[in-house]
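Take a look at the structure below.
Each reported figure results from applying straightforward, stated rules to the coordinates on display, with no laboratory input. Just so it is clear, the model here is predicted, and its values are computed rather than measured. Note: ideal-geometry Cβ built from the backbone for every residue, glycine included; neighbour counts use all protein chains shown.
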C-alpha cells in the first residue's frame, strides 16, 4: 500500500523559504546544501544516497499549486512519475496542454491524494509544499513527515507549519544525524 510522505528541509526556527520563496541564504539554496555533497559530478553517498533513492522510488507526487508553479511543474514530469496538484483554479497553459503527467484536481485534497496513491500503486507519494502538507494533515491523508533540520536560523519567511487547527501527534520513525543536517522521519498518529 502507498504511503504519503512530506519531505522538506527546514531551518531550526521552522522556515522553509523566505518571503520571496527563496530557500534561505543569499543564493536561495541554503536549506538544500546538505544534499549537494561536493557537487553534481560526485555520486552521493551515505544518507544523501539513501534519501535520493527514496525520492526516485516514489510512484507519484502531490504538490501544492504554488510549489508546482515555482518549479514549473518539474518540466511536466517529476522523474517520470505523475504529478497531482489540488487547486480550485484551472491549470496554467503549460500544465493544461504541454505536461501530460500533470493533473490538476479541483475537488479537494482528499481526492487529490486518493488519485496520487492510486497512480503510485504500491510505491510512495512524495508530498511537495508547505500549504498542501498542512491541508493533507488536517484532512488526515498525510502518513509521514521527513524533516531535514538545517543548522541555521533564518529569522523570517514562510514557516512549514504556521497554522494548524488542532494538535497532531507524531511518532519518531528514525533519526539520522549528519554534519550538515539532522534528518528526522515521523509517522502521523491517527
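Summary of values
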read-out: Where labels lie 7 Å past Cα in the beta-carbon direction, separation of residue 54 and residue 177 in nm; value: 1.8
read-out: The chain: relative contact order as a whole-number percent, Cα under 8 Å and 6+ apart; value: 32
read-out: Order of 96, 189, 158 under a 10 Å beta carbon neighbour criterion, fewest first; value: 189, 96, 158
read-out: Cα→Cβ-extended label distance, 7 Å offset, between residue 72 and residue 138, nm; value: 3.2
read-out: Range of Cα positions in the chain per principal axis (Å), largest first; value: 41, 40, 34
read-out: Between 0 and 90°, nearest 10: helix 130-139 axis offset from the chain longest Cα axis; value: 60
